[in-house]
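**Student:** This is the structure I have questions about; it appears just below.
The values are calculated or read from the model by the stated rules, or taken from the named source; none is laboratory data. All values derive from a computational prediction rather than experimental measurement. Neighbour counts run over all protein chains shown; Cβ positions are idealised from the backbone, glycine included.
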Amino acid sequence: GAVVSQHPSRVICKSGTSVKIECRSLDFQATTMFWYRQFPKQSLMLMATSNEGSKATYEQGVEKDKFLINHASLTLSTLTVTSAHPEDSSFYICSAREGVGLAGELFFGEGSRLTVL
Amino acid sequence: GEDVEQSLFLSVREGDSSVINCTYTDSSSTYLYWYKQEPGAGLQLLTYIFSNMDMKQDQRLTVLLNKKDKHLSLRIADTQTGDSAIYFCAEKEAGSYQLTFGKGTKLSVIP
């Protein structure tokens with residue numbers, strides 16, 4: 001199947017710094033990518049929908065100024081956690097939709113674990 | 001809003017069958033999915049079923065859908081230790097590419 005890659009897989013940063021996470025579709029073009037956050041023993045929470053060439057659509061309760069999303073090309077979306085705090089520590093997962101997909105199939109990245117000290 | 005419910009834990013012996021259950025509330029769901037998440041990793045799509053189907057089999061995996069009761073199940077035959085993971089049920093409503101996930105069922109396989 002299609003491959004979605006995230007980088008970095010793990011990142012540790014100091015409180016107050018910003019962290020950028022990349023999500024790449026390696027063998028297909030993705031007009032739409034999704035960013036999720038997963039708390040321990042919890043399900044995935046959709047944070048935002050990232051559309052190539054336009055502004056991201058954020059879910060209710062997600063601060064767009066804190067979680068900056070850029071989808072500059074058909075194969076790359078980035079999530080920047082600005083002025084990170086310990087409560088932002090989480091597992092962030094992206095997914096990308098391949099074309100129109102028979103089942104609207106989403107391919108998921110490996111996830112990025114952010115730890116804010 | 002839409003809701004997807006799963007039991008949180010399931011423990012089975014190696015070689016037995018595992019059955020993971022899921023219920024959902026959105027009657028307009030078009031596709032229902034099962035994803036597997038191994039520790040520290042992202043999600044891997046295992047299988048999916050169209051809402052107009054009631055069963056789908058793929059090697060050791062059997063998905064059963066009862067649309068009337070909004071109940072979905074995943075059966076894993078001959079469960080192996082490598083099947084130990086968290087299994088997420090997800091549904092996609094008509095006209096949307098967004099998925100609503102359950103909380104996941106942690107499957108533990110006892111050797």
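**Student:** Does residue B:51 meet the test of being of a type in the set (Gly, Ala, Ser) and closer than 12 Å to residue B:89 by Cβ?
**Tutor:** Criteria not met by residue B:51.
**Student:** Right, next: Got at least one residue in region A:56-67 being closer than 19 Å to residue B:37 by Cβ, in contact with a strand residue (DSSP E or B) (Cβ under 6 Å, 6 or more places away or on another chain), in a loop (DSSP other than H, G, I, E, B) and not acidic (Asp, Glu)?
**Tutor:** No, that holds for no residue.
Table: residues versus (1) out of contact with any Asp or Glu (no Cβ under 7 Å at 6 or more places or on another chain); (2) at pLDDT 95 or above; (3) surrounded by fewer than 17 Cβ atoms within 10 Å (Cβ to Cβ); (4) more than 28 Å from residue B:47 (Cα to Cα).
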| residue | (1), (2), (3), (4) |
| --- | --- |
| A:12 | yes, yes, yes, yes |
| A:36 | yes, no, no, no |
| A:43 | yes, no, no, no |
| A:49 | yes, no, no, no |
| A:59 | yes, no, yes, no |
| A:67 | yes, yes, no, yes |
| A:74 | no, no, yes, no |
| A:99 | yes, no, yes, no |
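**Student:** I would also like to ask the following. Is one or more of the residues making up region A:78-98 part of a strand (DSSP E or B), closer than 20 Å to residue A:5 by Cα and among the charged types (D, E, K, R)?
**Tutor:** The answer is yes, given that some residue of region A:78-98 is part of a strand (DSSP E or B), closer than 20 Å to residue A:5 by Cα and among the charged types (D, E, K, R).
**Student:** Follow-up. Only one of these is at pLDDT 90 or above and more than 14 Å from chain A (Cβ to nearest Cβ): B:54, B:58. Name it.
**Tutor:** Checking each option against the conditions leaves just B:54.
**Student:** Continuing with the same structure: Please work out if residue A:6 is among the polar types (S, T, N, Q) and within 26 Å of residue B:87 (Cα to Cα).
**Tutor:** Yes: the conditions hold for residue A:6.
**Student:** Only residues in region A:25-46 that are facing chain B (nearest Cβ under 8 Å) count as the first member; pair them with residues that are buried (at least 17 other Cβ atoms within 10 Å of the Cβ) and of a type in the set (Lys, Arg), Cβ under 6 angstrom, at least 6 apart or cross-chain, and list the lot.
**Tutor:** Matching pairs, first to second residue: A:32/A:97; A:43/B:103.
**Student:** I would also like to ask the following. Looking at A:55, A:20, A:66 in this structure, which one is away from chain B (no Cβ under 12 Å) and without any contact (Cβ under 8 Å) to a residue 12 or more places away in the chain?
**Tutor:** Among A:55, A:20, A:66, only A:55 is away from chain B (no Cβ under 12 Å) and without any contact (Cβ under 8 Å) to a residue 12 or more places away in the chain.
**Student:** Of everything in region B:61-85 that's of a type in the set (Val, Ile, Thr) and buried (at least 20 other Cβ atoms within 10 Å of the Cβ), which residue is nearest to the other protein chains (Cβ to nearest Cβ)?
**Tutor:** The residue in question is B:63.
**Student:** Give me the pairs: first residue in region B:95-107 and without any contact (Cβ under 8 Å) to a residue 60 or more places away in the chain and facing chain A (nearest Cβ under 8 Å), second residue of a type outside the set (Phe, Trp, Tyr) and assigned to a loop (DSSP other than H, G, I, E, B), beta-carbon distance under 7 Å, and six or more apart or on different chains, which are they?
**Tutor:** Between residues of region B:95-107 that are without any contact (Cβ under 8 Å) to a residue 60 or more places away in the chain and facing chain A (nearest Cβ under 8 Å) and residues that are of a type outside the set (Phe, Trp, Tyr) and assigned to a loop (DSSP other than H, G, I, E, B), the close pairs are B:97/A:104.
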